[in-house]
Structures are given as C-alpha cells and as structure tokens.
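Chemist: Submitted below is the structure of interest, expressed as structure tokens.
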Amino acid sequence: MKTIHLIAAARPNFMKIAPLYHELLKRDGINPVIVHTGQHYDLNMSDVFFKDFNLPEPRIHLGVGSGTHAEQTGNVMIAYEKVLIKEKPDLIVAAGDVNSTIAATLAAVKLGIKTAHLEAGLRSFDRTMPEEINRILTDSIADYLWTPSPDGDENLIKAGISKDKITLVGNIMIDSLEMLRSKIENLDICRKFGLNKGRYGLVTLHRPSNVDHPEILEKLCKCLLEISSRLPLIFPVHPRTSAQLMDTGCETILHNADNIHLADPLGYKDFMNLVMGSRLLITDSGGVQEETTYLGIPCLTLRSNTERPVTITEGTNILCNHGNLNKMVDNILEGNFKKGKKPNLWDGHTASRVADCIQELISQNLKLKNRN
Ligand code: UD1
Ligand code: UDP
C-alpha cells in the first residue's frame, strides 16, 4: 500500500484536493491521507469545505494558523517535517500557490520524499505577488509537475525544467464543480439576499495589492457603490478584507449602501450557486477567474496581470482597475462582452488523469522510491 499525503491548507486548496482524494480512494494499493496545515482555520474558510466535499476530518492537522510569510512558511515546515519523519509517505501532493504549498514541498524534498505539484507552471511574472514566489520555488524543486493548461508546460520548459517531469492534466477545480453540480443547481441562494437570478453581480476581493492599501481599497469601494446603483452586488468578505474594511471605515459605507449585500465567506455550494446565477463577477481570485471561464460568465479581474492567461485568451475574463471597472460593467450590461469557450481538458476528469499518473509512477517503483 502506498501512502500519499494530500496537502490542504487554505480555501483554494480544498476544492483542488477533494476530487483527487475521492478518486484515489477508488484505486487499488493507494492510501490517500489529507494533511491540513491549518493555514485557514475559520469554520467558513475551512470546515465548511470538508462538509461540502464529503471529506473526512484530517487525521493530521498541523494547526499553524496565521502569521507573517516567514512565520507561516517556517511553522508549516517545522511541524510537517516531524510528521514526515514519523509517517514516511511515498508521495506528497501539494496544490496551488499558497505558503503551505512551498513549505510542505520543501520539507519533503529535503527528506528525499517524492513530491508532486498540482496546478504547476502558472506564472503571473509579477514577483511582488507572494504566490508567484511560491509557484517558482515549488516548481523548481518538485519531482512531478501537473499542469492545468499548455501555458503551464511552456513556462516550465522555458525555466529549464525537464519535459519528463511535466504532465498536462487539466484543471482540477472543474472536477469539484462537476462533482457537486446537481447539488449546487438545486440551491437558490440569491433569494436569501432578496435578489433574482441574473440580476446581480458577485464580488470577491482578497489580494494584498487591492485590500492592504487603504487608498486603493477606498477607490475600489467607491466603484462598487457606483456600480450598485445599476446592478445589486453580493460581496462575501474574506477575513483579510474584512479587517481592512473595518480599519478604513469602508465597512460602514458598504453596509449602509442599499444595493450592496455584504456577507461572511460562503461555503462552496452556496458560493458556486451565486456564481452560476450572477450577471458578472468582480474579483481578484485565481479560482473564480477559472470557474467563470468554465461557466461562460463575464469576469472582471481587478489585477494588472494573471497567472491564468487562458481565462483571457479563451475564456470570459478581462483585467481591469478602479479606473475602468465602471465602463466594463456598463459594457456587460449593454450586452457587449466576449463569449469565451472552455479550455481543453477543463472537463471534470483531471483527478482521474492525476490518479493514472500516480499509478503509473507506482508501477515504475524506482521513480517513487525515496532517496532516504
Ligand atoms: C491566502 C493565500 C492566497 C490565497 C488566499 C485564498 C498565501 C501567501 N496567500 O491568502 O494565495 O489566494 O489564501 O483565500 O498563502 N484569517 C482569518 N481566518 C482564517 C484565515 C485567515 O481570520 O481562517 C485572517 C488572518 O487575519 C490572517 C489573514 O486572514 O492573518 C490572511 O490569511 P493568510 O492565510 O495569511 O493569507 P490570505 O490573504 O488568506
Ligand atoms: N469560494 C467559496 N466561498 C467564498 C469565496 C470563494 O467557496 O465566499 C471558493 C471559490 O470556488 C474560489 C475558491 O473558493 O474559486 C478559492 O478562493 P480564493 O479566492 O479564496 O483563492 P484563490 O483562488 O484566489 O487563491
């Protein structure tokens, strides 16, 4: 029996490891184990996803919590190293680009334990983003690199990474969506806000570049107020953003606005039900750019770059800023927006392709054999 650790840490990780966990359970000779680092810990940033995705409570929980980048990364490494020494997994799979992704991978690599990076190769080419540093480092040390789209392969090859480490597997986020689609479609969450399907916009913001600078956050909130006079907005607020909205006094302004509905972070099913019923998304989330492209819903991304370029070249995403956001919303409301198409291999079968890769690696025992 081969033991495979799946690293769960922050909100975007849960929907990336859930389909793989369920797929690996079906495969002979594989024992998938979820390791929760504790990077996200609130009920609505963590526990709710275990329930939504029918995941067992993690047997291994590192409980690292919040901190500076160095504290969080270091604490995951220190705690996970102890687990790795005791449990000696055959492979660890870390997804995405959060601090726990690089921390878990680095701890394992140093012990000679094989590592795989799921969602490898993405690049914003913006090193002011903490996630970009995590992506570059994780890709440069992981043994197996599973990419969501061909740009990922190209970026890795340009970085000098050997082709035989790279496999284009597709986008695992889409598996999560398809796995729960019927349950999501049965909900009617916008009614709880007194709104009708297709007649509201959905907002998520949490990038430090947008929310950690009061002058930028204030400008964005002003834009949201203006937009809400034409389109009611639902805004489930990330905890980082919540703290900043409170500090700047923007929370009261948004709270008092007639057509802005602030909410706590939502569970996956409730959130995706709102996405499916929305006229447009205003976001800086990585995952939301992908989900809207898959669903064909206009996505206005408040960033100057994206590590997910296919959502622009093939999908329904465009980059904006507080200067042109209003105009972009008007274009959409007037019916002027690109249609987009689903990128190749965003088909709900990525977990199965990843599980095939893992079985193949197991069958070539040497490749999975630990160095010490
Ligand atoms: C992290 C990831 C980011 C990802 C985002 C998804 C890094 C560097 N950043 O950003 O890539 O897009 O998650 O949501 O890994 N907090 C709570 N409760 C929680 C979790 C966090 O209150 O359950 C608050 C704490 O005050 C914390 C702050 O949010 O200091 C930021 O959390 P952190 O995990 O450091 O970064 P995120 O902004 O969530
Ligand atoms: N999401 C959710 N509830 C919310 C906001 C987001 O379930 O209130 C989901 C959504 O599917 C999104 C995923 O969480 O794709 C990842 O979210 P986040 O924006 O936090 O992280 P990122 O993808 O930017 O790293």
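The values are calculated or read from the model by the stated rules, or taken from the named source; none is laboratory data. Please read these numbers as outputs of a predicted model, since none were measured by experiment. Here the Cβ is made from the backbone with ideal geometry for all residues, glycine too, and neighbour counts use every protein chain on show.
Here's the yes/no breakdown for (1) surrounded by 22 or more Cβ atoms within 10 Å (Cβ to Cβ); (2) part of a helix (DSSP H, G or I); (3) at pLDDT 95 or above:
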| position | (1), (2), (3) |
| --- | --- |
| 170 | yes, no, yes |
| 178 | no, yes, yes |
| 183 | no, yes, yes |
| 191 | no, yes, yes |
| 197 | no, no, yes |
| 216 | no, yes, yes |
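Every residue, every condition in (1) surrounded by fewer than 16 Cβ atoms within 10 Å (Cβ to Cβ); (2) of a type in the set (S, T, N, Q), yes or no:
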position: 291; (1), (2): no, no
position: 296; (1), (2): yes, no
position: 316; (1), (2): no, yes
position: 336; (1), (2): yes, yes
position: 343; (1), (2): no, no
position: 349; (1), (2): no, no
position: 360; (1), (2): yes, no
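Chemist: Please find, within the range 5-21, the residue that is nearest to ligand 2 (Cβ to nearest atom) out of those that are outside any helix (DSSP H, G or I) and in contact with a Pro (Cβ under 8 Å, 6 or more places away or on another chain). Give the derivation first.
Modeler: Of all residues in the range 5-21, those outside any helix (DSSP H, G or I) come to 5-10.
So of that shortlist, the ones also in contact with a Pro (Cβ under 8 Å, 6 or more places away or on another chain) come out as 5-6, 8.
On the way: 5: 21, 6: 17, 8: 13 Å.
Among them, the one singled out is 8.
Chemist: Which pairs do you get when a residue that is within 14 Å of residue 1 (Cα to Cα), found in the range 359-371, comes within reach of a residue that is of a type in the set (Ser, Thr, Tyr) and modelled with pLDDT under 55, reach meaning Cβ atoms under 9 angstrom, with the pair 6+ apart or on two chains?
Modeler: Partner pairs satisfying both residue conditions: none exist.
Chemist: Kindly indicate which of 6, 62, 24, 20 is buried (at least 18 other Cβ atoms within 10 Å of the Cβ), modelled with pLDDT of 95 or more, more than 26 Å from residue 130 (Cβ to Cβ) and touching a strand residue (DSSP E or B) at 6+ places or on another chain (Cβ under 8 Å).
Modeler: Values: 6 fails: more than 26 Å from residue 130 (Cβ to Cβ); 62 fails: more than 26 Å from residue 130 (Cβ to Cβ); 20 fails: more than 26 Å from residue 130 (Cβ to Cβ).
Exactly one residue qualifies, and that residue is 24.
Chemist: For residue 188, all conditions in the list (1) in contact (Cβ under 8 Å) with a residue 12 or more places away in the chain; (2) of a type outside the set (Lys, Arg); (3) within 16 Å of ligand 1 (Cβ to nearest atom) hold save one; what is the number of the exception?
Modeler: Result: residue 188 passes all but (3).
Chemist: A further question follows. What pairs come up if the first residue lies in the range 126-137 and is in contact (Cβ under 8 Å) with a residue 60 or more places away in the chain, the second is assigned to a helix (DSSP H, G or I), and their beta carbons are under 8 Å apart, counting only those six or more places apart or on different chains?
Modeler: Going by the 8 Å Cβ cut-off, the qualifying pairs are 126/132; 128/209; 129/209; 130/69; 130/99; 130/208; 131/286.
Chemist: Restricting to the range 27-39, what's the tally of residues that are in a loop (DSSP other than H, G, I, E, B) and either among the aromatic types (Phe, Trp, Tyr) or surrounded by fewer than 21 Cβ atoms within 10 Å (Cβ to Cβ) (or both)? If you could, list the steps in order and put the result at the bottom.
Modeler: The first filter runs over the range 27-39 and keeps only residues in a loop (DSSP other than H, G, I, E, B), leaving 27-29, 37-39.
Subset that is either among the aromatic types (Phe, Trp, Tyr) or surrounded by fewer than 21 Cβ atoms within 10 Å (Cβ to Cβ) (or both): 27-29.
So the count comes out to 3.
Chemist: Does residue 8 satisfy being away from ligand 1 (no atom under 13 Å from the Cβ) and in contact (Cβ under 8 Å) with a residue 12 or more places away in the chain?
Modeler: Values: away from ligand 1 (no atom under 13 Å from the Cβ): no; in contact (Cβ under 8 Å) with a residue 12 or more places away in the chain: yes.
Spelling it out, it is not the case that residue 8 is away from ligand 1 (no atom under 13 Å from the Cβ) and in contact (Cβ under 8 Å) with a residue 12 or more places away in the chain.
Chemist: While we're looking at this one, here's another question. Which residues, counting only those in the range 252-296, are in a helix (DSSP H, G or I) and within 15 Å of ligand 1 (Cβ to nearest atom)?
Modeler: The initial filter retains those residues of the range 252-296 that are in a helix (DSSP H, G or I), namely 252-256, 268-276, 286-295.
Listed by number, the residues that qualify are 268, 271, 286, 287, 288, 289, 290, 291.
Chemist: What single numbered condition from (1) assigned to a loop (DSSP other than H, G, I, E, B); (2) in contact with a Ser or Thr (Cβ under 9 Å, 6 or more places away or on another chain); (3) at pLDDT 95 or above fails to hold for residue 357?
Modeler: Failed condition: (1).
Chemist: Residues that are in contact (Cβ under 8 Å) with a residue 40 or more places away in the chain, touching a strand residue (DSSP E or B) at 6+ places or on another chain (Cβ under 6 Å), hydrophobic (A, V, I, L, M, F, W, C) and within 16 Å of ligand 1 (Cβ to nearest atom): does the range 201-213 have at least one?
Modeler: If we filter the range 201-213 for residues that are in contact (Cβ under 8 Å) with a residue 40 or more places away in the chain, which is where we start, we get 201-210.
Applying the additional criterion that residues be touching a strand residue (DSSP E or B) at 6+ places or on another chain (Cβ under 6 Å) yields 201-204.
From the residues that got through so far, the ones that are hydrophobic (A, V, I, L, M, F, W, C) too are 202-203.
Retained after the next criterion (residues that are within 16 Å of ligand 1 (Cβ to nearest atom)): 202-203.
Yes, the range 201-213 contains at least one residue that is in contact (Cβ under 8 Å) with a residue 40 or more places away in the chain, touching a strand residue (DSSP E or B) at 6+ places or on another chain (Cβ under 6 Å), hydrophobic (A, V, I, L, M, F, W, C) and within 16 Å of ligand 1 (Cβ to nearest atom).
Chemist: Follow-up. For residue 247, only one of the following conditions fails: (1) within 20 Å of residue 207 (Cα to Cα); (2) more than 15 Å from ligand 1 (Cβ to nearest atom); (3) in a helix (DSSP H, G or I); (4) not β-branched (Val, Ile, Thr). What is its number?
Modeler: Tallying (1) within 20 Å of residue 207 (Cα to Cα); (2) more than 15 Å from ligand 1 (Cβ to nearest atom); (3) in a helix (DSSP H, G or I); (4) not β-branched (Val, Ile, Thr), residue 247 fails exactly one: (2).
Chemist: Among helices (runs of 4 or more DSSP H) lying entirely in the range 40-123, which contain 1 or more residues that are under 16 Å from the mean Cα position of the chain (by Cα) and without any contact (Cβ under 8 Å) to a residue 60 or more places away in the chain? So that I can check it myself, show each step before the final result.
Modeler: Numbers: elements: 48-52, 69-87, 99-110.
Of the helices (runs of 4 or more DSSP H) lying wholly inside the range 40-123, those with at least 1 residues that are under 16 Å from the mean Cα position of the chain (by Cα) and without any contact (Cβ under 8 Å) to a residue 60 or more places away in the chain span 48-52, 99-110.
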